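Take a look at the structure set out below.
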Amino acid sequence: MSQQFDLVVIGGGPGGYEAAIRAAQLGFKVACIEKRVHKGKPSLGGTCLNVGCIPSKALLDSSHHYEDTIHHLGDHGITTGEVNIDIAKMLARKDKVVENLTGGVAQLLKGNGIEWLQGTGKLLAGKKVEFVPFEGETQVLEPKYVILASGSVPVNIPVAPVDQDLIVDSTGALEFAEVPKRLGVIGAGVIGLELGSVWRRLGSEVVVFEALDAFLPMADKALSKEFQKILTKQGLDIRIGAKVSGTEVNGREVTVKYNQAGEDKEQVFDKLIVCVGRKPYAEGLLAEDAGIKLTDRGFIEVNDHCATSLEGVYAIGDLVRGPMLAHKAMEEGVMAVERIHGHAAQVNYDTIISVIYTHPEAAWVGLTEEQAVANGHEVKTGQFPFAVNGRALAAGEAAGFVKFVADAKTDRLLGMHVIGPGASDIVHQGMIALEFVSSVEDLQLMTFGHPTYSEVVHEAALAVDGRAIHAIQRKRK
Ligand code: FAD
Ligand code: AMP
């Protein structure tokens, strides 16, 4: 290769491309190797932009408009004629959104002087990188630094082998050409609930099978209880403690066999989505003598700053421990580069937000009440509903609540849990408060705009001490 790079990033997903851009800003000569071909074209942006966060949100928005038009416009006195959905157009819109964004990343790399090497990268011994381009000869690069950012892929389970026709993974579920009448979803995780919601809104009868005995066990109990109630009311048939043990394809139907409460049952669907989690993707990424350690679950072993066991080599995003989230990958990419540059950058893993983009959205940051208790805190909590918030009522968005978890002795805020309108944005107020080691009193003393959804944040903070204004709270303080 004619050029000498300071840094080679393998993988152009949110982790990899953000690392590349930050490195270019800091004056490094950077190459980013990406092998993805999406809809016939080489594409940057990784899982997130091509088949993850963005296309799923595009479909969530389209399907929400459809459902809102049918069920809620009438509340505002608006009448419409017959409402139809053109699935091909909806998918084309989603593809356009993806194309805009992935094209934008290509522009950003170009504008920052970053070389996008289209093809496959592999780490060799001695920190060298083999690059196999889509066309042309294999090259060996000798950068000073390497960032591994090859992401993750869906987990496959032998009991439901994905054929991307009748049995699909999350990628296939973004491409149904028509609305399946009967849709099964294996896994009531974030992705399963989002994709199940999309097709339920468009008319599918959706059954979600969840092997665990609890719904969203990682979430605060109050939130998961309310959330399950709301989703069930919307028509998602969520079967908890239902472990899928087999599937059988017959013609254009798939039979799901499952066990619930000790009983073997089965049900027939037109499509089945397998959403049982994701696993790190390191296939072909590392030569045997590359000198990189993997954990027993296939993640690349890194320290708190994403440094691997090999000096000058970092690994970030879904390929390493921690939640598989785009924003986590992005911040790790920036941190790794800044560490290389000599800054003391770090990621605060305690304030990474979680969001489920259903309607209403659910989002949280910090500790759940159960985690706070388990961590030895004497806990106090405050919860306030959207049902008495003026803005929420005006908008017809009155479901859900904000809940704060705090330390009773120090008043320090420990966690925030939101289910309701704009939860994905509202939760950032909690994230910032946690970052600034805020007390509940800090939030109580602030003036929130009226009428806003955020007033529920204020009221929930006041409710921690029994003094929410728009509720009868008898505690005097
Ligand atoms: P990836 O985005 O997976 O990118 C890695 C890239 O590396 C890939 O494009 C791959 O082609 C490339 N690559 C791999 N090996 C090589 C190699 N050897 N050579 C060259 N290139 C290689 N997260 C959120 O935060 N919010 C959401 O709303 C959200 N929604 C999601 C919805 C769905 C349906 C899915 C599937 C995921 C969603 N995620 C969401 C998760 C998010 O997409 C991932 O956490 C994120 O993309 C991880 O970023 P990454 O850079 O680590 O890896
Ligand atoms: P997540 O990892 O958050 O995407 O969630 C995936 C979910 O799928 C988990 O809650 C698992 O318990 C669930 N799951 C995995 N295998 C099965 C199975 N065979 N039947 C039903 N649910 C499953």
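The values are calculated or read from the model by the stated rules, or taken from the named source; none is laboratory data. What you are looking at is a predicted structure, and each value in this text was computed from that prediction instead of being measured. Note: ideal-geometry Cβ built from the backbone for every residue, glycine included; neighbour counts use all protein chains shown. Just so you know, the surface numbers come from the protein's heavy atoms only, side chains and all, with ligands and any DNA or RNA stripped out. Shrake-Rupley method; radii C 1.70, N 1.55, O 1.52, S 1.80 Å.
Summary table
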quantity: For the stretch 167-276: relative contact order, % (alpha-carbon pairs under 8 angstrom, 6 or more apart); calculated: 35
quantity: For Met324, solvent-accessible area (1.4 Å; no DNA, RNA or ligand), Å²; calculated: 60
quantity: Label-point separation, His428 to Met446 (7 Å along Cα→Cβ), nm; calculated: 1.3
quantity: Distance violations [Cα-Cα > 24 Å] among Lys229/Lys403; Lys29/Lys96; Lys57/Lys265; Lys39/Lys271; Lys41/Lys328; calculated: Lys29/Lys96; Lys57/Lys265; Lys41/Lys328
quantity: Dipole magnitude of the chain about its Cα centre (Cβ charges: Lys, Arg +1; Asp, Glu -1), debye to nearest 20; calculated: 520
quantity: Rounded Å value of the spacing that divides the Cα centres of the stretch 27-106 and the stretch 299-376; calculated: 26
quantity: Surface share of carbon and sulfur [accessible, 1.4 angstrom probe, percent] for the stretch 351-463; calculated: 54
quantity: Other-chain or far-sequence residues with amide H under 5 Å of Ile352's (modelled H); calculated: Gly366
quantity: Peptides ranked, highest mean first, by Cβ atoms within 10 Å: ranges 172-184, 311-323; calculated: 311-323, 172-184
quantity: Computed lengthening from Glu283 to Val153, 0.36 nm per intervening residue step minus Cα-Cα distance; calculated: 45.8 nm
quantity: At least 24 Å along the helix axis (C-alpha) and Kyte average at least 0.0, DSSP helices within the chain; calculated: 87-111
quantity: Radius 9 Å from Cβ of Asn259, net charge of other residues (Lys, Arg +1; Asp, Glu -1); calculated: +1
quantity: Under Karplus coefficients 6.51, -1.76 and 1.60, residue-wise ³J(HN,Hα) of the stretch 360-366 in Hz, glycine/proline x; calculated: x, 7, 10, 8, 7, 8, x
quantity: Segment Ala92-Asp75, extension gain: residue separation times 0.36 nm, minus the distance between their alpha carbons; calculated: 3.1 nm
quantity: Local electrostatic count at Lys243 - Lys and Arg +1, Asp and Glu -1, tallied over other residues with Cβ under 12 Å; calculated: -1
quantity: Global geometry of the stretch 351-463, whether rounded, prolate or oblate, following the gyration tensor of its Cα atoms and the 1.5 cut on a/c; calculated: prolate
quantity: Formal net charge of residues neighbouring Ile352 (Cβ-Cβ distance under 14 Å; K, R +1; D, E -1); calculated: -4
quantity: Within the accessible area of the stretch 42-136 (1.4 Å probe), percent carbon and sulfur; calculated: 51
quantity: For the stretch 351-463, accessible area per residue (1.4 Å probe, heavy atoms of protein chains only), Å²; calculated: 40
quantity: Probe 1.4 Å, accessible area per residue of the stretch 120-235, Å²; calculated: 43
quantity: For the chain: rounded, prolate or oblate by the Cα gyration tensor [a/c cutoff 1.5]; calculated: oblate
quantity: Spin-label pair Lys110/Arg252, simplified geometry with 7 Å Cα→Cβ offset, distance in nm; calculated: 4.3
quantity: Cα gyration tensor, the stretch 167-276 - rounded (a/c under 1.5), prolate or oblate; calculated: oblate
quantity: Given charges at Cβ of Lys, Arg, Asp, Glu: the chain dipole, positive-most of Leu216, Leu44, Val402; calculated: Val402
quantity: The chain, relative contact order in percent, only Cα pairs under 8 angstrom and at least six apart counted; calculated: 13
quantity: Virtual spin-label span in nm between Leu294 and Ser309, 7 Å along Cα→Cβ; calculated: 1.3
quantity: Ranked packing of 211-220, 20-29, 194-203, 245-254, most packed first, by mean Cβ within 10 Å; calculated: 194-203, 20-29, 211-220, 245-254
